[in-house]
1. Could you go through segment 202-217 and let me know if any residue there is at pLDDT 90 or above, farther than 30 Å from Glu319 by Cβ and assigned by TED's automatic domain parsing to the domain that holds Tyr312.
2. Counting just the residues of segment 33-52 that are assigned to a helix (DSSP H, G or I) and loosely packed, with under 12 Cβ neighbours inside 10 Å, which one comes out modelled with the highest pLDDT?
3. Could you list, ordered by first residue, the pairs with Cβ atoms under 7 Å in which the first is in segment 244-258 and at positive phi and the second is part of a strand (DSSP E or B) and of a type outside the set (Asp, Glu), at least 6 apart or interchain?
4. Tell me, yes or no, whether segment 258-269 has at least one residue that is closer than 15 Å to Val218 by Cβ and either of a type outside the set (Asp, Glu) or exposed (fewer than 15 other Cβ atoms within 10 Å of the Cβ) (or both).
5. So which residues in segment 187-226 are part of a strand (DSSP E or B) and under 24 Å from Asn170 (Cβ atoms)?
6. So Phe240 passes all but one of these: (1) modelled with pLDDT of 85 or more; (2) within 20 Å of Ser304 (Cβ to Cβ); (3) in contact with a Gly (Cβ under 6 Å, 6 or more places away or on another chain). Which condition number does it fail?
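The values are calculated or read from the model by the stated rules, or taken from the named source; none is laboratory data. Everything numeric in this text was worked out from a predicted model, so none of it was measured. Note that we place each Cβ from the backbone using ideal geometry, even for glycine, and neighbour counts take in every protein chain shown.
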Amino acid sequence: MNNLVPTNLLNDIRQLIAQSRQSVRYAVNSAMVQTYWNIGRLIVEDEQNGQERAEYGAQQLLFLSSKLTAEFGKGFDERNLRNMRQFFIVFPIWNALRTELSWTHYRTLMRIENQSAREWYMKETIANHWSARALDRQISKLYYERLLASPDKTIVEQEAENHTSELDENPKDILRDPYILDFLNLPNQSFLEKDIEQGIINNITEFLLELGKGFAFVERQQHLNLDDQDFYIDLVFYNFKLKCFLLIDIKLGKLTHQDVGQMDSYVRMYDEQYKGKDDNPTIGLLLCSEKSKAIVKYSVLADSNQLFASKYLPYLPSEEELRRELERERNLIENK
């Protein structure tokens, strides 16, 4: 019986069902977002007509919560109604919303006070198809703030003021510093470079999210050969926006001239042995636990468009700690 059913027919039906279910989910999500926005609008407009707004608003939310929960069930408790109210306050213009985002996305975005950052995260979420969980992680790791720590002040100013700059044309605008590798769950003290490498492989999805947009994993310990000498690159990725390979070498301890020289050789050899005609020049990233101001200033890192060094943090610091780290890196760049 099974042999009578063409495989292509079965696949076509499967695809149709999957597309239909996706359309239903999209329609339901869009209707939910619009409904919650309108509920928030009605609550705010009603409060504006009250004599004592704060007290009146609190009483109204309690009243609405009890009545709506009894009639429609879960989802309309006081906390959710406050979220809907805040939803309208933060996004007062319906046309500014994007129906590609879920209610969970918007609840996450509402926590961001900086409007420029909020709009940027919204744009990036849609462009990169971030789940609500991925969006929350990027916000907690100050992705936007780390982007603004870029040494290219022109692009930073455009991004901060106009939201129109394309930050996908230059490796400096995609690579981050620092990288936060808290998902590796490394021990507090003794761990080796191979532990970091293995942890990245075991958590490749999380690492790609931390690495930035457009990256795909290529190979681990990729082999290079020169004059009968064998070399192995820790991690190799490809970026489809930059159209180039990214080589990553993991280093414990302080960055050295030898580390930079080795990566320089890797990049040159890789360009010769693996880069295709349509690929842009390979870039190399030294992922180190401690950077050296002198090395950054007085090595080829200072002027190279292919070699970069970034610090990694094996834990998720507090927001204040991360801001201090970003400020330190910014000063390091400005004082080159």
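1. yes
2. Glu45
3. Gly253/Ser289
4. Yes - at least one qualifying residue is present in segment 258-269.
5. Phe215, Ala216, Phe217, Val218
6. Answer for Phe240: the failing condition is (2).
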